[in-house]
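The values are calculated or read from the model by the stated rules, or taken from the named source; none is laboratory data. Everything numeric in this text was worked out from a predicted model, so none of it was measured. Don't worry about glycine lacking a Cβ; one is built from the backbone with ideal geometry, like all the others, and counts go over all protein chains shown. We work out accessible area using only protein heavy atoms, side chains counted, and drop any ligands, DNA or RNA first. Shrake-Rupley method; radii C 1.70, N 1.55, O 1.52, S 1.80 Å.
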Amino acid sequence: METDKISNMIKKIRQKNNLSQQKFASIYNVSFQAVSKWENGKSIPDFMTLKKICDDYDIDINNLFEGKKKSKKKKIVIGIVIILLLAIAFLSLAIFSKVNKPNDFYFKTLSTTCENFNLYGTIAYNDNKSSIYISNITYCGGDDNNLYEKVDCTLYALADKAKNEISKYTYSDSFPITLEEFLKKVDLHIDNHDGVCDEYGENDLELEIDAVDSKGNHTTYKIPLTPKDTCEND
């Protein structure tokens, strides 16, 4: 993640809308000193605040994480994403570990052991709650050119053999859709989730994609998700 890019974005937004640092700070419940540090590149907003700023001013938060446009080669894409996500995790932990406030958020990357799918995923969390963000899902398990009339993408939490639904994205339209076209639409963002990060271990989160064709036949894909490393506020 490019810190300068976030700093310049915030400063540009504030000045374009004729907002003082004090006024901008009051909108997002922070001090004007915090806004000054954001604009000088000395710190960055926590994930939830950054997401709120992007939503308020119609900015794609993925562009802040991705930097340059993606290469068409999947290996390069995966490498760039891993490097950026590690940078986000280390930078965020370095910044937020200095401040001992209960509302500070930490970040963990979500990865998958499923070789047929790639995705971007992260958990922003503190001691009381977590937010889960999943997007940019791609299928690389071969050709699936079937047309589906209905497709569900559901995020589950798995615990003690129980399967609890966290969020779902559904496509159901008069126009059939391919799996690739459907995955481009999926963007799961769960705010203020009751579960905290350290409740999720290896494969305790799972994405399930259920696609139904015109004959009622189901094609189901299961994508296990795991937070990278452990979820600790060290």
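Summary table below
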item	result
Contacts under 8 angstrom Cβ, first residue in the stretch 1-29 being open to solvent by 70 Å² or more (accessible area, probe 1.4 Å), partner among the charged types (D, E, K, R), 6 or more apart	Lys11/Glu39
Leu183 within 25 Å of Ile61 (Cα to Cα) and part of a strand (DSSP E or B)	no
Complete set of residues in the stretch 39-50 that are within 19 Å of Ala124 (Cα to Cα) and open to solvent by less than 30 Å² (accessible area, probe 1.4 Å)	Ser43, Ile44, Pro45, Phe47, Thr49, Leu50
Ile44 of a type in the set (A, V, I, L, M, F, W, C) and modelled with pLDDT of 90 or more	no
Filtered residue count, the stretch 38-58, keeping only those that are assigned to a helix (DSSP H, G or I), free of Cβ contacts under 8 Å to residues at least 12 places away in the same chain and over 25 Å from Ser130 (Cβ atoms)	0
Hits in the stretch 193-205 (condition: among the acidic types (Asp, Glu) and either at pLDDT 90 or above or assigned to a loop (DSSP other than H, G, I, E, B) (or both))	Asp194, Glu202, Asp204
Odd one out for Asp152, checked against (1) modelled with pLDDT of 90 or more; (2) part of a helix (DSSP H, G or I)	(2)
Residue pairs meeting the criteria (Cβ under 8 Å; at least 6 apart or on separate chains; first of a type in the set (Phe, Trp, Tyr), in the stretch 155-180; second exposed (fewer than 11 other Cβ atoms within 10 Å of the Cβ) and at pLDDT below 90)	Tyr156/Asn164
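Yes or no, residue by residue, for (1) outside any loop (DSSP other than H, G, I, E, B); (2) closer than 22 Å to Pro224 by Cα; (3) at pLDDT 85 or above:
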position: Asn103; (1), (2), (3): no, no, no
position: Ser131; (1), (2), (3): yes, yes, no
position: Asn164; (1), (2), (3): yes, yes, yes
position: Asp173; (1), (2), (3): yes, no, no
position: Asp191; (1), (2), (3): yes, yes, no
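Results for (1) within 18 Å of Thr122 (Cα to Cα); (2) open to solvent by 50 Å² or more (accessible area, probe 1.4 Å); (3) under 20 Å from the mean Cα position of the chain (by Cα), shown as yes or no for each residue.
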position	(1), (2), (3)
Ser135	yes, no, yes
Asp143	no, yes, no
Lys150	no, yes, no
Ala159	no, yes, no
Lys163	no, yes, no
Ser172	no, yes, no
Thr178	no, no, no
Phe182	no, no, yes
His189	yes, yes, yes
